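Contents: one structure, followed by commentary.
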Amino acid sequence: MTPATLYFDVISPYAYIMDVLLRRASLPLEITLKPVLFAGLLKAHGNKGPAEIPRKRQHTYELCTWLAQCHDIPFRMPAVHPFNPIRYLRLIVALGCSRAVASAVFDSLYREGADPDDPRVWRALTVELGVAEPDARIEAPEVKLALRRNTEEAVAAGVFGVPTVLAGDRLFWGVDSLPMLQAWLSGDPALETPAMQAAREVRPGVSRL
């Protein structure tokens, strides 16, 4: 099994789709889940999120809905988006960052169009997971610190968006990179062609920064 890290934020509908596809794919990966704050990545790189640009927001929601339909994934955008994901991310951290917990959180948010800010949604999730005193658990200093450190680690690794799989020294960003990840795992020579090498060596000609 190849070790890999999946950096994700539950605010991303793409991360939900990636979660489902990875569950189905049975790739030869030993994946460590690391929740991060997407907003922290955006701030570090000076970017705007998709939901901060009106037409891109609409496009993102429609594209994710279409992708889910293409893959027969139960999906409905949350009733409110973007939303504050911190308590959901901290819950995943507090419960050990297991695949089962992360998937339960994703499913609670994206399968039926739930409102992430509705206390009933939060309560139903924590009851399902059997969490006693969830609000206290997510306020633990070590939980807050772990989430912050995950985000800092992701930035240091060059992660710029979610979901991103870090395997070896390669970053595979987004649902559409999953076939490329599969190719890398199989040793596909197409990833080491002269054209691919040239792609890595393209020089910037101008910058607006």
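Among bridges DSSP assigns within the stretch 2-200, what percent are antiparallel (round to 5)?
55 percent
When only Cα pairs below 8 angstrom with a gap of at least 6 residues are kept, the chain shows a relative contact order of 29 percent. Once the Cα-Cα distance is subtracted from the 0.36 nm per residue extended length, the E153 to A140 segment shows a gain of 2.7 nm. In this structure the amide hydrogen of L29, modeled in the peptide plane, comes within under 5 Å of the amide hydrogens of T2, none closer than 5 places in sequence on its chain. When the Cα positions of G130, A198, A25 are compared along the charge dipole of the chain, A198 comes out farthest toward the positive end, with charges on each C-beta of Lys, Arg, Asp and Glu. Largest GNM mean-square fluctuation among D107, D135, D169, using the chain with Cα springs under 10 Å: D169. The order of the peptides 115-123, 185-193, 152-160, 32-40 by mean Cβ neighbours within 10 Å, most packed first, is 32-40, 152-160, 115-123, 185-193. Straight-line reach from K56: taking Cα to Cα under 19 Å and skipping same-chain neighbours fewer than 8 places apart, the aspartates and glutamates in range are D9, D176. Where only DSSP H runs of four or more residues are counted, the chain gives -15000 deg cm²/dmol as its mean residue ellipticity at 222 nm, each run worth -39500 (n - 2.57). Computed with the Debye formula from one identical point scatterer per Cα of the chain, without solvent, the log10 of I(q)/I(0) at q = 0.09, 0.13, 0.19 Å⁻¹ comes to -0.37, -0.77, -1.56. With both labels modelled 7 Å from their Cα along Cα-to-Cβ, the Y61 to R24 distance reads 2.4 nm.
Taking a straight Cα-Cα cut-off under 27 Å and skipping sequence neighbours fewer than 8 places away in the same chain, the lysines within cross-link reach of K144 are K34, K43, K48.
Springs join every pair of Cα atoms under 10 Å in this Gaussian network model of the chain, and among M196, M77, M180 the largest mean-square fluctuation is at M196. Per-residue Karplus couplings for the stretch 21-34, computed as 6.51 cos²θ - 1.76 cosθ + 1.60 with θ equal to phi - 60°, are listed in order as 5, 5, 4, 7, 6, 6, 6, x, 10, 9, 8, 9, 8, 10 Hz, Gly and Pro entered as x. Placing unit charges on the Cβ atoms only, positive for Lys and Arg and negative for Asp and Glu, gives the chain a dipole magnitude near 460 debye about its Cα centre. Calculated translational diffusion coefficient of the stretch 155-206 (25 °C, 0.890 mPa s; Stokes-Einstein with Kirkwood radius over alpha-carbon pairs) equals 198 µm²/s.
Computed from the coordinates by the stated procedures, all read-outs in this text should not be read as laboratory data. Quick caveat, the model's predicted, so the values are computed rather than measured. Positions of Cβ are backbone-derived with ideal geometry, glycine not excepted, and every protein chain shown enters the neighbour counts.
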